[in-house]
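J.: Quick one: structure below, then a few questions.
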Amino acid sequence: VTWLQSIIDGIGLGAEYAVVAVGIGLVFGVMRLVNLAYGELITAGAYTLAFTSGQPAVVAILACFGVVILGALVMERVAFRPLRGATPATMLVASFAISFLLQNVYLLAFGSRGSTVGTLGGLNTAIAIGTLRIRWISLVSVIVGAVLLAGVTLVLDRTAMGLHLRAASADFRTARLLGVRANRVIAFSFAISGALAAAVSVLLTVQSPLVTPDFGVSVTIFALIGVVVGGLDRLWTATAGGFLIGFATAFFGDELPSASSVYLPSVVYGLVIVVLLARPGGLFAGGGLGAERV
Amino acid sequence: MRSRLDAALSVTAPVVLVLAVALLGSNAGAVRQLEFNDALVNAAIVVGLYVFIGNSGVLSFGHMSFVAIGAYLSGILTLGAEQKNFVLPQMFPVLRHTHVSTVSSLGLAALAGGIFALLTGIALMRLSGLPAGIATFAVLGITANIISYWEKIGPGVTALALVPESGTWTLATGAMIAIVVAFAYQRSRFGRRLRATREDPRAAEASGIHVHRERLVAFVISGALAGFAGGLLVHELGSITVAQVYLELTFITLAMLVIGGVQSVWGAVVGALLISGLNSFLNDAEQGVHVGVYVHLPTGSRLVALGVLMALVLILRPSGLTGGREVTLGGLRRAGRLWRPERSAG
């Protein structure tokens, strides 16, 4: 594998992780919640796609978005609203409990053998340019990732709700005093993060069509690591961190000699530790350019 | 005087609770006994977690790496020499030829956990908040990855099996040792200084407390206890795989600590025993069980119910069931006052 191929693979995976990172970062910005149950939203979307495999792709994808956004809103209302104001550690453990609960609900309802998604399977083929192989899904991931990130940025910058969200992230209490409605702004951030999770379900199921109860776990953990490595304070640093961890995973996965490729996670985790020690605030954290947190 | 009494009471309460569980367990049937043993080992692990997380207020997702190292080391050292030559031919000669008793292997597990915690802690204790959580998690990821594949230090992808099993009383003694160590640390100068940094790092630093050093001390003691508990775990189960000391155990033990109450030994022990007990009860309920009424849950619903209950406790009591307090005279009196009206009514 040439290094150019490794870079191309890296960009494809990086784009997907970046989308997950935005979903996690948005909710963190508003309510200081690290949502480990985010992966189960992705899994819910993947199951929806599996059960609508017979339908036209548009119907399946719309159903996926509907289910996941609804799921995100229900999760916020039932589980996280009562916990508002609890310590971050408590919220994190609670989100683990929700994640654990949902995984076991999936296991009980759909079994451990997994369901297969057939929607958009054709995107998994590759186009060859010389010796380089570019899979369609890598291209689609990059484009979808870019469009979604641009969309989220537009919503945050240009709409009233986006302004409220940014205000709430900067200082929740002051924002409330100035008339930002807490329930609405938090529900809004969950809805956007749900939409992003649904997009990730679509992208991920193309590459790994077998949906098991723990489908969304590893991408969530890696994106979360990326978010912290990049820097939690701003949305773009979190996104860049997510991209970087996806990129590093795919890049070193290609570049490591096959005998030592089983140690890929150690290489990535080792880099994470080095970065955190060198820059605890995040790799891209600047020196106090205002308090904007989204 | 009052404070001495309180201290005695605070350390006695969790020890008595562990003794009670061990007593029940040793008189239970063989299958039920396994569940009690499991609860005791969980208590030891969670107390180990508490020493660092509870006193420092810094989250660690990495403690299962100490548990894993303790478990594998203690398990490998107690295997018979012929078994090791047969099952683990590629392992380092030192590990392959050494054979020690279960008790000494537990000591070595604690030592290994402590040393590993010292090596990682020197660098990582400069971090706090989420970066600390993620960095410790990265340590766990590396540990799990290397144990899974490096056949010079362990069985690689296969399970480490045929480890001699220990009985309920050994495990209970282990849990009690962990409790006493945790309590001794908490009462010591070091424990008090570290708790001062938890309440207000800047004020603590201003009064001459070295935050980094105090955290490191707790991390090492906590790592040693976790390694020790890992040794107990492998001798409880008789075998171990990496998956058993990785993500799920990390979060379950953390949930036990938070549900019990992060800031006290009592909370750690109550949380561990309660969640373990609940797990066993739900297991029974899947077969059908009488508790006044006949309860019968559909097969596979145990973990769902456990998840619901964990989430409910966290939502209703975010500071944990014990509120993070130790058992004290004042606390007992308050509890008594709460009960009395009911008694006079009945």
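J.: How well do other chains shield peptide B:255-268, expressed as the mean number of their Cβ atoms within 10 Å of each residue Cβ?
T.: Details: counts 5, 1, 2, 8, 4, 0, 0, 4, 0, 0, 0, 0, 0, 0.
The mean count of partner-chain Cβ atoms within 10 Å per residue comes to 2.
J.: What number, rounded to the nearest 500 deg cm²/dmol, is the helix-based mean residue ellipticity at 222 nm of chain B, given -39500 (n - 2.57) per DSSP H run of at least four residues and division by all its residues? Walk me through the intermediate numbers first.
T.: Working: 15 runs with 257 residues, N = 346.
Here the helix-only value at 222 nm equals -25000 deg cm²/dmol.
J.: Also: Measure out, as a whole number of angstrom, how far apart the alpha-carbon centroids of the range B:265-289 and the range A:120-144 sit.
T.: Each part's Cα centre sits 50 Å from the other's.
J.: In whole Å, what are the extents of chain B along the principal axes defined by its C-alpha atoms, from largest to smallest?
T.: 70, 60, 35
J.: Can you give the average number of partner chain beta-carbon atoms within 10 Å of each beta-carbon in peptide B:296-302, as a whole number? Please list the in-between numbers first.
T.: Working: counts 0, 0, 1, 1, 7, 3, 2.
Partner Cβ neighbours, averaged per residue: 2.
J.: Right, here's the next one. Sorted by packing (mean other beta-carbon atoms within 10 Å per residue), highest first, where do B:97-104, A:122-129 land?
T.: Working: B:97-104: 13.5, A:122-129: 11.2.
So the order, starting with the most tightly packed, is B:97-104, A:122-129.
J.: Follow-up. Quick check on the range B:89-230: take the gyration tensor over C-alpha atoms, sort the square-rooted eigenvalues as a ≥ b ≥ c, and tell me if it's rounded (a/c under 1.5), prolate or oblate.
T.: oblate
J.: Which value in deg cm²/dmol, rounded to the nearest 500, describes the helix-derived mean residue ellipticity at 222 nm for chain A, given -39,500 (n - 2.57) per DSSP H run of n ≥ 4 and division by the residue count? Write down the numbers at each step before the final one.
T.: Working: 11 runs with 201 residues, N = 294.
Using -39500 (n - 2.57) per qualifying helix, the result is -23000 deg cm²/dmol.
J.: Let me ask something else about it. Which helices of chain B meet both criteria: a Cα extent of 18 Å or more along the helical axis and a mean Kyte-Doolittle score no lower than 1.6, with helices taken as whole DSSP H segments?
T.: Numbers: long enough: B:2-26 (35 Å, 1.41); B:30-56 (39 Å, 0.96); B:63-78 (23 Å, 1.34); B:102-124 (32 Å, 1.88); B:129-149 (31 Å, 1.43); B:168-187 (28 Å, 1.11); B:211-237 (38 Å, 1.05); B:247-260 (20 Å, 2.11); B:265-287 (34 Å, 0.84); B:302-316 (21 Å, 2.70); B:329-345 (25 Å, -0.91).
Taking the DSSP H segments of chain B (at least 18 Å long, mean hydropathy at least 1.6), we get B:102-124, B:247-260, B:302-316.
J.: Once you sort the root eigenvalues of the Cα gyration tensor of the range B:25-177 as a ≥ b ≥ c, which label holds: rounded (a/c under 1.5), prolate (a/b larger than b/c) or oblate (the other case)? Numbers along the way, then the final one.
T.: Details: a/c = 2.09, a/b = 1.18, b/c = 1.77.
The shape class here is oblate.
J.: Quote to one decimal, in nm, the extra length available between A:Arg81 and A:Thr116 on full extension: 0.36 nm per residue of separation minus the C-alpha distance between them. Please report the intermediate quantities before stating the final value.
T.: Numbers: separation 35, 0.36 × 35 = 12.60 nm, distance 3.41 nm.
Full extension from A:Arg81 to A:Thr116 adds 9.2 nm.
Each reported figure results from applying straightforward, stated rules to the coordinates on display, with no laboratory input. Just so you know, these numbers come straight off a predicted model, no measurement behind them. Positions of Cβ are generated from backbone atoms using ideal geometry, with glycine treated the same way; all protein chains shown enter the neighbour counts.
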